[in-house]
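To keep things clear, I will list the structure first and then write my remarks on it.
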Amino acid sequence: MHELIGFLEAHSDVVCVTLAGVQGSVPREEGAFMLVSNVAQLGTIGGGQLEYMAMDEARRLLACPDGQSRQMDVPLGPEIGQCCGGRVVLELEQMDAVDKRNLLKAERARIAAQPEVIVYGAGHVGRALARAFAPLPVALKLVDSRPEEIVLAPEGVETFLTPLPETVVRTARAGAAHIVATHEHALDFLLAQEALARGDAAYVGMIGSKSKRAQFINWAEGDVSALICPMAAASKGGGKNGRRPEVIAAFVTAEVMAVLQAYYADVKTSAVKEIR
């Protein structure tokens with residue numbers, strides 16, 4: 001969001017290029033957009049020759065005294081050197097002050113509706129996880145009780161400094177992903193128990209080994225079968241490199257995003273069935 005605000009503040013003349021229609025195999029989904037000024041761009045509609053063509057057309061629109069909007073119907077075939085095989089319709093619109101305000105409002109609403117990913121623990125692994133999740137379409141929160149660790153969080157990541165991180169578990173939205181990676185096993189157990197007890201989490205993972213999971217099962221109350229521990233077990237095959245925070249974060253991020261995608265696809269399907 002801060003990138004979008006910064007771009008609109010830095011560039012007064014901007015064209016919004018939106019994928020208004022898609023057919024067949026295309027590089028991005030309908031509704032994807034990018035902003036183009038005379039000297040810069042923000043976002044992407046899929047890259048390749050399609051994007052270059054759209055940027056050129058957007059800048060021609062900016063150079064036109066009365067240019068306001070334009071449409072492009074582009075087959076993604078060999079003739080443009082991008083053989084996805086589909087077809088896209090692009091809407092190009094020169095933005096005024098109202099358009100920019102509406103875009104910011106829509107982006108805030110979109111971000112608010114994104115799945116919540118909450119990382120408990122701002123140590124080396126927690127910060128690596130924050131860096132990995134930051135550019136993804138999730139509402140990321142990094143939680144810790146230690147001021148000296150939370151201050152090291154990546155720029156732009158929403159942080160929560162609290163002596164009672166379990167309160168963040170209790171106020172999380174339904175369908176959140178809870179990733180527990182604090183500096184204390186006892187705190188890990190408490191937070192994992194709280195997240196599992198909610199019964200509405202899309203993902204509950206705790207950093208650790210099979211023996212730590214066994215200890216947790218002996219300690220915990222209720223059904224804990226949904227707990228993922230160890231997380232991203234595939235990373236353990238990487239030898240010593242598999243233990244690096246960045247490697248762990250990469251595997252955990254992929255695991256969580258796959259779970260969220262499946263979870264919200266099921267939620268959407270269930271909602272459609274109820275309407276019918």
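Of note:
- Checking LEU161, LEU76, LEU129 one by one, the residue that is at pLDDT 95 or above, farther than 21 Å from ALA249 by Cα and either in contact with a Ser or Thr (Cβ under 9 Å, 6 or more places away or on another chain) or among the hydroxyl-bearing types (Ser, Thr, Tyr) (or both) is LEU161 and no other.
- Pairing residues of the range 86-113 that are closer than 18 Å to LEU42 by Cα with residues that are of a type in the set (Gly, Ala, Ser) and loosely packed, with under 14 Cβ neighbours inside 10 Å, at Cβ distances under 8 Å and at least 6 apart in sequence or on separate chains, gives GLU91/SER69; LEU92/SER69; GLU93/SER69; GLN94/SER69.
- Selection of the range 1-18 for residues being at pLDDT below 95 and within 23 Å of PRO75 (Cβ to Cβ) yields an empty set.
- Residues in the range 33-66 that are surrounded by 18 or more Cβ atoms within 10 Å (Cβ to Cβ) and either assigned to a loop (DSSP other than H, G, I, E, B) or not assigned by TED's automatic domain parsing to the domain that holds GLY86 (or both): 3 in all.
- ASP73 falls short on exactly one of the conditions (1) more than 25 Å from GLY48 (Cα to Cα); (2) loosely packed, with under 13 Cβ neighbours inside 10 Å, and that condition is (1).
- Hits in the range 98-141 (condition: among the hydrophobic types (A, V, I, L, M, F, W, C), assigned to a helix (DSSP H, G or I) and surrounded by fewer than 18 Cβ atoms within 10 Å (Cβ to Cβ)): VAL98, LEU103, LEU104, ALA106, ALA109, ILE111, ALA112
- Criterion (modelled with pLDDT of 95 or more, farther than 18 Å from ALA176 by Cβ and of a type outside the set (Gly, Ala, Ser)) met by exactly one of ILE217, ILE275, ILE207: ILE217
The values are calculated or read from the model by the stated rules, or taken from the named source; none is laboratory data. A quick note: this is a predicted structure, and the numbers were derived from the prediction, not measured. Neighbour counts run over all protein chains shown; Cβ positions are idealised from the backbone, glycine included.
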